[in-house]
Amino acid sequence: MRRIITSFLVFVFAFFVFSVSSISAKVVTDEKGTVNIGKTEVINDDLFIGAQTVEIAGTVNGDVFVGAQTVKISGIVNGNLHVGANTIDLGGTVRGNVYAGGQSILISGSVIGGSLLAGGATVNIDKDSIIGGSILAGAGTLSINSQIKRSVYAGTGNLTIGGDTRIGKDLYYAAKPQGQTDISPDAKIAGQIFKSEVNTAKVNINVNKRIPAAINGARIFAAFISFVGALIVGFLYFKLFAEHSNQTAGIVTKSFWKSLGVGFLVTIAFIPGLIILLITVVGIPVAGLALLMLLLYGYLAKIVIGSALGAWISKRFNWKVSAYWTFAIGLFVIYLVRMIPFVGPVCGGVVLWTGLGALVLNIFSKTD
């Protein structure tokens, strides 16, 4: 018990407080104001920003994590960019990958050295932009008119591939039949085009159309917000606790069924154990601590499984991508499967129990 409590306290403190003495990073918060990194400013650390409006025109020699209403980046990020905002305007240079979620995403005159993961109502990538890796995008309206060195994976209602588009490998896209798809004959796609139509009419047969449509829309929006939040938390988790995350994902890969069983037993035994602790009165603080630990590990479960699943998929298809991109792929697959009726709840249970079990096994695998 002492080992569990110690691990939990250290983990929570480091995760939520971000001790500057142990983590090299610059944290800037201004919920109602503007954070502006000027052209001449150079930050030689990872940068965490929370504000109403964020403008980065300078240079950041590390990863950038931004949460704001409006974000504009015209400077240089010599790392990965993780941004969640209502409006995102990216016109600078990002040496690593870009993970963006927002209502409106505009990528204009930007050079991205790695891949782009974007989700929003509208995503526009203009002809002056260059993507060094792949694009994975989910949007109501997606417009691409740029150079992409690898493949494009798109799920969208309306898709436009402009005449200046250059795709180094394949184009995969899923679109609704009633949506508009415009692929310019001048666009150059080195590989093949794979199309999949999503026919929502079959799903809503013999039911009232308006109410289910509204429910489905709210469900998809909630899933998207949850996905973006999980991405941000996951990236922070990998960044700050790389060894812990790698060990836990490794446990899932090596001992999947054992992790699933342990997680299942933990959830079954938790309520009776919690009741016993509450009855003893003196065990109330431990009960509260155990509850917080279960909630925290329950949330981290999908992040751990996303990392392990993404690694398996990357290995299966021989994709050479970074750990962040691997995690994003795995997490995306989990959320996609969870949207499937009947199969989704089962997937959610397996993800929860397996991830929880791996996290618990990781605690006891460590020596004092």
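The values are calculated or read from the model by the stated rules, or taken from the named source; none is laboratory data. All of these numbers come straight from a predicted model, not from anything done at the bench. Ideal geometry is used to build each Cβ from the backbone, glycine not excepted, and the neighbour counts take in all protein chains shown. Heavy atoms of the whole protein, side chains included, go into the accessibility calculation; ligands, DNA and RNA do not. Shrake-Rupley method; radii C 1.70, N 1.55, O 1.52, S 1.80 Å.
For the range 328-339, check the following and say yes or no: at least one residue is assigned to a loop (DSSP other than H, G, I, E, B), at pLDDT below 80 and under 19 Å from Val228 (Cα atoms).
Taking every residue of the range 328-339 in turn, at least one turns out to be assigned to a loop (DSSP other than H, G, I, E, B), at pLDDT below 80 and under 19 Å from Val228 (Cα atoms).
Here are some conditions: (1) under 22 Å from Gly310 (Cα atoms); (2) open to solvent by less than 10 Å² (accessible area, probe 1.4 Å); (3) more than 16 Å from the chain's Cα centre (by Cα). Ile107 meets all but one. Which one does it not meet?
Checking Ile107 against (1) under 22 Å from Gly310 (Cα atoms); (2) open to solvent by less than 10 Å² (accessible area, probe 1.4 Å); (3) more than 16 Å from the chain's Cα centre (by Cα), the one that fails is (1).
Taking the condition of being surrounded by fewer than 21 Cβ atoms within 10 Å (Cβ to Cβ) and either under 15 Å from the mean Cα position of the chain (by Cα) or on the phi > 0 side of the Ramachandran plot (or both), how many residues in the range 63-78 meet it? Spell out how you get there, then give the answer.
Of all residues in the range 63-78, those surrounded by fewer than 21 Cβ atoms within 10 Å (Cβ to Cβ) come to 67, 69-70, 72, 74, 76, 78.
So of that shortlist, the ones also either under 15 Å from the mean Cα position of the chain (by Cα) or on the phi > 0 side of the Ramachandran plot (or both) come out as 67.
Result for the range 63-78: 1.
For Ala85, indicate whether it is hydrophobic (A, V, I, L, M, F, W, C), closer than 20 Å to Gln180 by Cα and assigned to a strand (DSSP E or B).
No, not satisfied.
Consider Leu277 against the criteria (1) at pLDDT 75 or above; (2) in contact with a Gly (Cβ under 8 Å, 6 or more places away or on another chain); (3) surrounded by 15 or more Cβ atoms within 10 Å (Cβ to Cβ): it satisfies all of them except one. Which criterion is unmet?
(1) is the only condition that Leu277 fails.
With a cut-off of at least 2 residues that are modelled with pLDDT of 80 or more and exposed (fewer than 11 other Cβ atoms within 10 Å of the Cβ), name the strands (runs of 3 or more DSSP E) lying wholly within the range 170-267. Write out each step before concluding.
On the way: elements: 171-175, 181-183, 193-197.
Passing ranges: none, list empty.
For residues in the range 157-168 being open to solvent by 10 Å² or more (accessible area, probe 1.4 Å) and touching a Gly at 6+ places or on another chain (Cβ under 9 Å), which is nearest to Val228 (Cα to Cα)?
In this case the residue turns out to be Gly157.
Where the second residue is modelled with pLDDT of 90 or more and part of a loop (DSSP other than H, G, I, E, B) and the first is open to solvent by less than 10 Å² (accessible area, probe 1.4 Å) and aliphatic (A, V, I, L, M) and lies in the range 84-99, which pairs have Cβ atoms under 7 Å and are six or more apart or on separate chains?
As it stands, the answer is Leu90/Ser110; Val94/Gly113, since those pairs meet every condition given.
Step by step: first the residues of the range 293-322, then only those that are surrounded by 18 or more Cβ atoms within 10 Å (Cβ to Cβ) and at pLDDT below 80, then the one that is farthest from Gly114 (Cα to Cα). Which residue is that?
Per the stated criteria, the residue is Met293.
May I ask you to list pairs of residues, at least six apart or on different chains, whose Cβ atoms are under 9 Å apart, with the first in the range 235-249 being polar (S, T, N, Q) and the second being part of a loop (DSSP other than H, G, I, E, B) and open to solvent by 50 Å² or more (accessible area, probe 1.4 Å)?
Pairs that qualify, where the first residue is polar (S, T, N, Q) and the partner is part of a loop (DSSP other than H, G, I, E, B) and open to solvent by 50 Å² or more (accessible area, probe 1.4 Å), are Gln247/Lys366.
Could you tell me which numbered condition Gly133 fails, if it satisfies all but one of (1) part of a loop (DSSP other than H, G, I, E, B); (2) over 22 Å from Ala328 (Cβ atoms)?
Evaluating Gly133 over (1) part of a loop (DSSP other than H, G, I, E, B); (2) over 22 Å from Ala328 (Cβ atoms) leaves (2) as the failure.
Just to verify a result, which residue in the range 332-355, among those that are of a type outside the set (A, V, I, L, M, F, W, C) and within 18 Å of Trp312 (Cα to Cα), is surrounded by the fewest Cβ atoms within 10 Å (Cβ to Cβ)?
It comes out as Tyr335.
Answer yes or no as to whether Val12 is at pLDDT below 90 and closer than 30 Å to Glu243 by Cα. Talk me through it step by step, then tell me what you get.
Numbers: at pLDDT below 90: yes; closer than 30 Å to Glu243 by Cα: yes.
When the stated conditions are applied, Val12 passes them.
Look at the range 124-136 and say how many of its residues are open to solvent by less than 10 Å² (accessible area, probe 1.4 Å) and among the hydrophobic types (A, V, I, L, M, F, W, C).
So the count comes out to 3.
With the structure loaded, tell me whether Ala358 is within 30 Å of Gly133 (Cβ to Cβ), at pLDDT 85 or above and not β-branched (Val, Ile, Thr) or whether it fails that test. Steps first, answer last, please.
On the way: within 30 Å of Gly133 (Cβ to Cβ): yes; at pLDDT 85 or above: yes; not β-branched (Val, Ile, Thr): yes.
Taking the combined requirement at face value, the residue satisfies it.
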